[in-house]
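Here is the structure we will look at, set down as structure tokens.
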Amino acid sequence: MGFLYKNFVKPILFRLDPEKAHELAVDSLSILLKTPALPRLMAGVNQLGKNSAPIRLCGIDFPNRVGLAAGFDKNAVCWPAFESLGFGHVEIGTVTFLPQPGNPKPRMFRYPEQTAILNRMGFNNDGAEAVAERLSRSLAKRSRRIPLGVNIGKSKAAPLDQAVADYEGSFKLLADYSDYVVINVSSPNTPDLRKLQEETRLRELLQALVVLNEARSKDPDRSRKPIFLKVAPDLSFEQLDSIVATLLELKLDGIIATNTTMEREGAFRDIDQTGGISGKPVDSMSTKIIAHIAKTTEGKLPIIGVGGILDPDSAKRKIDAGASLVQLYSGMIFEGPFLGKKIARILA
């Protein structure tokens with residue numbers, strides 16, 4: 001499958017605008033889901049066998065260690081197809097409370113020589129209400145066989161002093177349909193979003209969501225959802241320590257490390273494009289962040305490792321650094337849709 005992708009499919013996709021190629025991939029997976037019996041047949045072939053023990057994290061059983069990172073399926077239109085491709089979980093989004101078109105196009109760029117993607121998408125999505133309705137319909141039709149995470153972010157129209165209410169609105173609409181919820185305060189493509197990583201603002205936001213989440217446990221028809229925070233790779237260790245201390249104090253369930261980077265090193269020094277970089281340039285950055293979190297918390301804070309996973313070795317480095325699970329997205333663009341399956345089998 002890797003040979004077919006690299007030699008036939010990838011050259012065609014790479015002749016298209018990156019966002020057009022992405023839309024084509026989403027449409028193709030949506031068609032797969034409508035094909036009778038094929039998704040389940042593919043899952044039987046591509047998932048690990050029944051003798052493989054699941055990875056239990058935050059009370060959730062993951063069939064393998066490899067998930068799809070947020071950013072691919074922003075609107076929850078094709079996420080069940082990734083079970084068929086061998087992934088062990090999927091994270092949809094980022095979803096904002098208000099629907100928004102995102103930043104002006106073009107807003108996604110490939111750099112094949114650097115095995116990197118630069119994007120400034122700007123949380124383009126249909127909004128929390130529409131995504132919740134879509135999830136309600138899809139989950140009514142099929143059982144969820146791999147865990148589903150929902151990644152939520154701040155609406156661009158919401159000023160910082162209204163950010164808490166904005167996230168609360170998304171959480172209320174989407175938590176029922178998730179196995180875990182991710183709070184994204186680290187995308188570089190929404191103005192001022194990363195200011196929510198500052199201690200006072202972060203504490204206010206997370207405290208409000210913790211209160212909302214705990215209230216769910218008192219409702220017989222609902223349950224508390226594990227909450228993860230997604231952080232940037234550009235934080236200093238001092239900033240990271242402050243964030244981790246807040247997470248431990250508020251008893252959040254885990255951390256996702258990391259989002260895209262704003263650093264412009266090496267070949268990117270002279271590139272005049274705003275946005276966050278993913279792919280190979282983030283690999284060592286995110287791995288160092290994971291290792292630091294694991295060391296300072298003595299492994300007490302579950303970590304999902306993301307950034308620059310292009311092969312089994314880069315995934316293994318993140319597991320060895322302290323991550324329990326890993327996620328990928330950019331690597332799939334360069335290596336093909338079955339990269340998750342390949343890595344999951346090696347890690348198992």
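The values are calculated or read from the model by the stated rules, or taken from the named source; none is laboratory data. These figures come from a predicted structure and were not determined experimentally. Glycine also receives a Cβ, built like all others from the backbone with ideal geometry; neighbour counts cover every protein chain displayed.
Some notes on this structure:
- Looking across segment 121-150, the residues that are over 26 Å from Gly86 (Cα atoms), within 16 Å of the chain's Cα centre (by Cα) and not hydrophobic (A, V, I, L, M, F, W, C) come down to Gly122, Asn124.
- Residue in segment 217-236 that is part of a helix (DSSP H, G or I) and either under 26 Å from Asp320 (Cα atoms) or not polar (S, T, N, Q) (or both) present: no
- Taking each residue of segment 93-109 that is in contact (Cβ under 8 Å) with a residue 24 or more places away in the chain and looking for partners that are part of a loop (DSSP other than H, G, I, E, B) and surrounded by fewer than 17 Cβ atoms within 10 Å (Cβ to Cβ) with beta-carbon atoms closer than 7 Å, six or more apart or interchain, yields Leu98/Ala157; Pro106/Asp17; Phe109/Gln273.
- Any hit, segment 137-144, residues being touching a Gly at 6+ places or on another chain (Cβ under 9 Å) and either at pLDDT 95 or above or not in a strand (DSSP E or B) (or both): no
- For segment 52-80, the set of residues classified as hydrophobic (A, V, I, L, M, F, W, C), crowded, with 24+ Cβ neighbours inside 10 Å and in a strand (DSSP E or B) consists of Val66, Leu68, listed by residue number.
- Candidate set: segment 279-320, residues that are part of a strand (DSSP E or B) and small (Gly, Ala, Ser); chosen: the one surrounded by the most Cβ atoms within 10 Å (Cβ to Cβ): Gly305
- Near pairs, Cβ below 7 angstrom, 6+ apart or cross-chain, from segment 75-92 (on the phi < 0 side of the Ramachandran plot) to any residue that is of a type in the set (Val, Ile, Thr) and in a helix (DSSP H, G or I): Asn75/Val131; Val77/Val26; Cys78/Val26
- Residues located in segment 104-133, provided they are surrounded by fewer than 17 Cβ atoms within 10 Å (Cβ to Cβ) and either at pLDDT below 95 or under 25 Å from Ala21 (Cβ atoms) (or both): Pro104, Lys105, Pro106, Pro112, Glu113, Gln114, Ala130
- Taken over segment 81-134, the criterion of being outside any helix (DSSP H, G or I) and among the hydroxyl-bearing types (Ser, Thr, Tyr) is satisfied by Thr94, Thr96, Tyr111, Thr115.
- Ser178 being under 15 Å from the mean Cα position of the chain (by Cα), crowded, with 20+ Cβ neighbours inside 10 Å, of a type in the set (Ser, Thr, Tyr) and over 21 Å from Pro233 (Cβ atoms): yes
- Note on segment 209-239: residues that are more than 20 Å from the chain's Cα centre (by Cα) and either farther than 19 Å from Leu301 by Cβ or surrounded by 11 or more Cβ atoms within 10 Å (Cβ to Cβ) (or both) total 17.
- Evaluation of Glu198 against the conditions (1) touching a Leu at 6+ places or on another chain (Cβ under 8 Å); (2) free of Cβ contacts under 8 Å to residues at least 40 places away in the same chain shows that the sole unmet condition is (1).
- Considering residues of segment 86-103 that are crowded, with 22+ Cβ neighbours inside 10 Å and either of a type in the set (Gly, Ala, Ser) or in contact with a Lys or Arg (Cβ under 6 Å, 6 or more places away or on another chain) (or both) only, the residue farthest from Gly307 (Cα to Cα): Gly86
- Looking only at segment 244-278, and only at residues there that are among the charged types (D, E, K, R) and assigned to a loop (DSSP other than H, G, I, E, B), the one that is surrounded by the most Cβ atoms within 10 Å (Cβ to Cβ): Asp253
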